[in-house]
1. Which whole-Hz ³J(HN,Hα) couplings does region 186-192 yield from phi under the Karplus relation 6.51 cos²θ - 1.76 cosθ + 1.60, θ = phi - 60°, glycine and proline marked x?
2. List every residue whose amide H lies under 5 Å from the amide H of H47, counting only residues 5 or more places away in sequence or on a different chain, with H placed 1.01 Å from N in the peptide plane.
3. Obtain the radius of gyration and the Kirkwood radius of region 31-190 from its C-alpha atoms and give Rg over Rh.
4. Which aspartates and glutamates have a Cα less than 12 Å from the Cα of K121, not counting those fewer than 8 places away in the same chain?
5. Per the 1.4 Å probe, what fraction of the accessible area of region 19-290, in percent, lies on carbon and sulfur atoms?
6. Probe 1.4 Å, all protein chains in place: accessible area of Y207 in Å², nearest 10?
7. Using Cα-only point scatterers and the Debye equation, what is log10 of I(q)/I(0) for region 151-291 at each q in 0.10, 0.19, 0.20, 0.21 Å⁻¹, rounded to two decimals?
8. Report the convex hull volume per residue for region 183-262, counting only C-alpha atoms, in Å³.
Amino acid sequence: MTSTDLGTASAFVPAPATAYQGDIARYWNNEARPVNLRLGDVDGLYHHHYGIGEIDTASLGTPEDSEYEKKLITELHRLESAQAEVLLDHLGPIAPGDTLMDAGCGRGGSMVMAHQRFGAKVEGVTLSSTQAEFGNRRAQELGIADHVRSRVCNMLDTPFETGRMSGSWNNESSMYVDLHDLFAEHSRVLKVGGRYVTITGCWNPRYGQPSKWVSQINAHFECNIHSRREYLRAMADNRLVPQAVIDLTPDTLPYWELRATSSLVTGIEEAFIESYKDGSFQYVLIAADRV
């Protein structure tokens, strides 16, 4: 991909399909939270999702250590990348000649990891021109701009031909869209036998309704968290057959408890911690095959 192609891909901003999507585009164009940028500065992989795994307490040392905060940020970023690795694990066998789609790609960290692992081409879509430009700039810096590209478009109406993708995913981005519309588009662009994976927070239908904590998370991120049941129903309606449904809630709680002790707190940490503990909110991975 040439620099001309890159500029065209990131500079063109299509009219959002709804006023809400316009709000979301503005939200992420203006977003520059230290919790996203400082963690990405650790190794140049900029994520917009959370982490999973046990805390490596030995690597942290003690809070009295002058390097403690730096070590804590490095550890939070390690957990972020571990989450992305788990998502990629569930894509199944991907060949270098395959093409993948990251729906709601953020600043592109997961796309870079996918290309580095599989050698495949990765197409990312986001409503945010700021994010797309950032991701494309990083791909150029890494020398992989001919394989990894971010573009500004609606994940519910992508420019990709039917059946092109061998795999696709949403990593904490599905709460911004209607699930039936989302999975209809994934089903369209995936080849038969292709794999879709999502990692997402969802409210637990056994709780009854979204809890006050879930409502706080919705308000904080201007999103609309769905229930686990809605995911499975919308997949079934769109020829996506789940092969794995994994509760990652116990695995993500350590990340949030560590983040709550850092200088990067945003004020939403309590809502995540308490909702995970009371069972009203869950962190799940769903992998589904296109049939």
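The values are calculated or read from the model by the stated rules, or taken from the named source; none is laboratory data. Worth saying up front: this structure is predicted, and the values here are computed from it rather than measured. Because the Cβ atoms are built from the backbone with ideal geometry, glycine has one as well, and the counts that use them run over all protein chains shown. To get the accessible areas, we keep the full protein, side chains included, count just its heavy atoms, and leave off ligands, DNA and RNA. Shrake-Rupley method; radii C 1.70, N 1.55, O 1.52, S 1.80 Å.
1. So the J values, rounded to whole Hz, are 4, 4, 5, 7, 7, 6, 4.
2. It is G40, by chain and number.
3. Working: Rg = 16.4 Å, Rh = 16.4 Å.
In region 31-190, Rg relative to Rh is 1.00.
4. Reachable aspartates and glutamates: D98, D102, D146.
5. 49 percent
6. Result for Y207: roughly 110 Å² accessible.
7. Values returned for q = 0.10, 0.19, 0.20, 0.21 Å⁻¹ are -0.36, -1.09, -1.16, -1.23.
8. Numbers: hull volume 10.7 nm³, N = 80.
Hull volume normalised by residue count: 134 Å³.
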